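Novice: Here it is, the structure in full.
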Amino acid sequence: MNIGITVYPTYGGSGIVGSELGRELALRGHNVHFIASALPTRLTELNERVHFHEVEMMSYPLFEHQPYDLALATKMATVARSENLDLLHVHYAIPHSISAILARESIKQKRYVPVITTLHGTDITLVGADRSYLPITRYGLQQSDGVTAVSKFLKQATIETFDFDEIEVIPNFISPDLYRREEGSPICRDLSPNGEKLLVHVSNFRAVKRPIDCVEILAKVREKGGDVHLVMVGDGPELSAVRHRAKQLEVFDQTIFVGKQAKIADYLAVADVFLLPSEEESFGLAALEAQACEVPVIATRIGGIPEVVNDGETGFLSNIGDIEKMSDDALKFVKDDELRRVFGLRGRELAIARYSSEKIIPQYIDFYEKVLSQSAKKQRQNA
């Protein structure tokens with residue numbers, strides 16, 4: 001198949017999953033064309049099966065803001081025709097599904113290119129549910145030829161918000177070969193020069209991720225006798241507030257800010273505990289990646305996280321903002337190597353059994369084929 005994929009080229013989950021999906025599809029012999037405003041974060045290699053088409057923005061004095069959605073639609077239509085795409089697969093509903101539908105309609109007299117929309121979370125729970133965006137988001141879902149969601153939680157949230165239930169649940173995934181434990185690496189020696197245990201947090205540092213809670217947990221764990229460092233991977237609007245709070249709690253010297261990293265696995269592979277205290281998570285991809293690296297997870301019991309983290313088996317779940325319990329749970333792993341090992345091994349076992357790329361990618365391919373078959377049948381009926 002010739003597949004067009006559009007993602008936000010950022011460190012968010014939708015961009016990561018879309019990039020990894022394209023790589024996995026290419027490995028299975030499909031041709032993948034990424035259509036985006038910049039090279040996606042995880043897209044580290046272009047080859048004869050992985051291509052990138054940059055959306056070029058028009059600069060014109062009339063426009064106060066550059067019309068990205070129209071530029072994207074134009075590029076999608078151009079690539080669909082020039083590369084004979086079989087379908088357009090867009091990640092994140094707003095505005096990608098609308099742009100793809102516009103592209104599809106603009107060229108349908110020549111050939112019909114089905115649109116598949118994958119929902120990742122905030123496009124439904126935050127952006128799409130905003131009253132000003134709700135009608136157009138519902139339209140994007142209804143007009144897509146196929147819709148998938150990354151968790152059962154997100155499917156249900158979409159049904160409740162948009163009264164739309166034609167959704168296939170295809171969860172996020174990991175490649176077991178890319179995410180695995182690695183003891184004693186140079187990164188580990190740099191982060192833990194004296195053998196300190198490592199708490200790790202990975203996010204885009206938005207308020208919804210509650211990164212300040214991680215610093216609070218660090219302070220509590222140290223207060224209770226845990227010899228730990230906190231590694232903060234990523235960047236975003238809350239970073240300055242996190243740094244300030246670390247100084248207030250006098251744990252700034254034990255907090256290591258490494259910024260955005262292309263290879264998250266390098267840091268998860270040496271972690272002892274993963275912290276995910278979010279107040280909104282439709283899946284929790286970072287938690288899955290941590291578990292694949294045999295890292296127990298301390299997280300909140302919200303959204304799709306309970307589908308990924310087995311409470312009391314691969315990690316511990318808490319209520320939002322329950323710093324006391326999360327710090328106590330983290331301390332258990334810091335103090336007990338055997339408990340950490342058992343939880344870690346079970347986490348990797350379940351991550352591979354449920355979410356291995358070998359299990360999930362065929363689900364996407366089957367869905368593509370189903371949508372293409374239905375689309376072809378519909379076109380014959382309308383001919």
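The values are calculated or read from the model by the stated rules, or taken from the named source; none is laboratory data. None of the values given here were measured: they were computed from a predicted structure. Methodologically, a virtual Cβ is constructed for each residue, glycine included, from the backbone with ideal geometry; neighbour enumeration extends over all protein chains shown.
Novice: Tell me which of these LYS108 doesn't satisfy, since it passes every other one: (1) touching a residue at least 60 places away in the same chain (Cβ under 8 Å); (2) surrounded by fewer than 18 Cβ atoms within 10 Å (Cβ to Cβ).
Specialist: (1)
Novice: Now for a different question. What number of residues within the stretch 25-40 are touching a residue at least 60 places away in the same chain (Cβ under 8 Å) and buried (at least 20 other Cβ atoms within 10 Å of the Cβ)?
Specialist: Total meeting the criteria: 1.
This table checks each residue for (1) under 19 Å from GLU20 (Cα atoms); (2) outside any helix (DSSP H, G or I).
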site: MET232; (1), (2): no, yes
site: HIS244; (1), (2): no, no
site: ILE256; (1), (2): no, yes
site: GLN261; (1), (2): yes, yes
site: TYR267; (1), (2): yes, no
site: ALA271; (1), (2): no, yes
site: ALA287; (1), (2): yes, no
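Novice: Can I ask one more? Which residues, counting only those in the stretch 289-323, are acidic (Asp, Glu), in contact with a strand residue (DSSP E or B) (Cβ under 9 Å, 6 or more places away or on another chain) and outside any loop (DSSP other than H, G, I, E, B)?
Specialist: GLU289, ASP311
Novice: Restricting attention to the stretch 90-120, and to residues there that are closer than 12 Å to TYR8 by Cβ and in contact with a Gly (Cβ under 7 Å, 6 or more places away or on another chain), which single residue is modelled with the highest pLDDT?
Specialist: Checked the stretch 90-120; the qualifying residue modelled with the highest pLDDT is HIS91.
Novice: Among the listed residues PHE257, PHE205, which satisfies the condition of being surrounded by fewer than 18 Cβ atoms within 10 Å (Cβ to Cβ) and either more than 20 Å from GLY344 (Cβ to Cβ) or in contact with a Gly (Cβ under 8 Å, 6 or more places away or on another chain) (or both)?
Specialist: Among PHE257, PHE205, only PHE257 is surrounded by fewer than 18 Cβ atoms within 10 Å (Cβ to Cβ) and either more than 20 Å from GLY344 (Cβ to Cβ) or in contact with a Gly (Cβ under 8 Å, 6 or more places away or on another chain) (or both).
Novice: Tell me which residues, restricted to the stretch 121-148, are modelled with pLDDT under 95, within 24 Å of PRO40 (Cα to Cα) and either β-branched (Val, Ile, Thr) or part of a loop (DSSP other than H, G, I, E, B) (or both).
Specialist: GLY121, THR122, ILE124, THR125, VAL127, GLY128, THR137
Novice: So, one more: Taking the stretch 41-51 as the region of interest, how many residues are surrounded by fewer than 20 Cβ atoms within 10 Å (Cβ to Cβ) and more than 18 Å from the chain's Cα centre (by Cα)?
Specialist: Here the count works out to 6.
Novice: Would you point out the residue of the stretch 312-324, among those that are without any contact (Cβ under 8 Å) to a residue 24 or more places away in the chain and exposed (fewer than 15 other Cβ atoms within 10 Å of the Cβ), that is farthest from the chain's Cα centre (by Cα)?
Specialist: Among those residues, the one meeting the criterion is GLY312.
Novice: Taking the stretch 295-304 only, how many residues are surrounded by fewer than 24 Cβ atoms within 10 Å (Cβ to Cβ) and touching a residue at least 24 places away in the same chain (Cβ under 8 Å)?
Specialist: Counting residues in the stretch 295-304 that are surrounded by fewer than 24 Cβ atoms within 10 Å (Cβ to Cβ) and touching a residue at least 24 places away in the same chain (Cβ under 8 Å) gives 2.
Novice: Can you name every residue in the stretch 80-96 that is part of a helix (DSSP H, G or I) and surrounded by fewer than 23 Cβ atoms within 10 Å (Cβ to Cβ)?
Specialist: Result: ARG81, SER82.
Novice: Hey, could you check the stretch 152-163 for residues that are at pLDDT 90 or above and crowded, with 18+ Cβ neighbours inside 10 Å and say which is farthest from ARG341 (Cα to Cα)?
Specialist: Ranking the candidates gives THR158 first.
Novice: Against the definition (in contact with a helix residue (DSSP H, G or I) (Cβ under 8 Å, 6 or more places away or on another chain) and either outside any helix (DSSP H, G or I) or surrounded by fewer than 18 Cβ atoms within 10 Å (Cβ to Cβ) (or both)), how does LEU331 come out, yes or no?
Specialist: So LEU331 fails the test.
Novice: Could you go through the stretch 341-354 and let me know if any residue there is in contact with a strand residue (DSSP E or B) (Cβ under 9 Å, 6 or more places away or on another chain), of a type outside the set (Val, Ile, Thr) and surrounded by fewer than 24 Cβ atoms within 10 Å (Cβ to Cβ).
Specialist: no
Novice: Among all residue pairs at least 6 apart or on different chains, which show Cβ distances below 7 Å where the first residue, located in the stretch 4-15, is assigned by TED's automatic domain parsing to the domain that holds HIS120 and under 12 Å from HIS120 (Cα atoms) and the second is aliphatic (A, V, I, L, M) and at pLDDT 80 or above?
Specialist: The qualifying pairs are VAL7/ALA36; GLY13/LEU285; SER14/VAL7; GLY15/VAL7.
Novice: Sticking with this structure for a sec: Within the stretch 277-285, does at least one residue satisfy the condition of being surrounded by fewer than 22 Cβ atoms within 10 Å (Cβ to Cβ) and part of a loop (DSSP other than H, G, I, E, B)?
Specialist: Yes, that holds for at least one residue.
Novice: So, of the residues in the stretch 183-201 that are in a loop (DSSP other than H, G, I, E, B) and charged (D, E, K, R), which turns out to be surrounded by the fewest Cβ atoms within 10 Å (Cβ to Cβ)?
Specialist: So, considering only residues that are in a loop (DSSP other than H, G, I, E, B) and charged (D, E, K, R), the one surrounded by the fewest Cβ atoms within 10 Å (Cβ to Cβ) is GLU183.
Novice: May I pose another question? Of the residues in the stretch 218-230, how many are under 24 Å from GLU289 (Cβ atoms) and either hydrophobic (A, V, I, L, M, F, W, C) or part of a helix (DSSP H, G or I) (or both)?
Specialist: Matching residues across the stretch 218-230 total 4.
Novice: Within the stretch 153-177, work out how many residues are within 18 Å of the chain's Cα centre (by Cα) and without any contact (Cβ under 8 Å) to a residue 40 or more places away in the chain.
Specialist: 3
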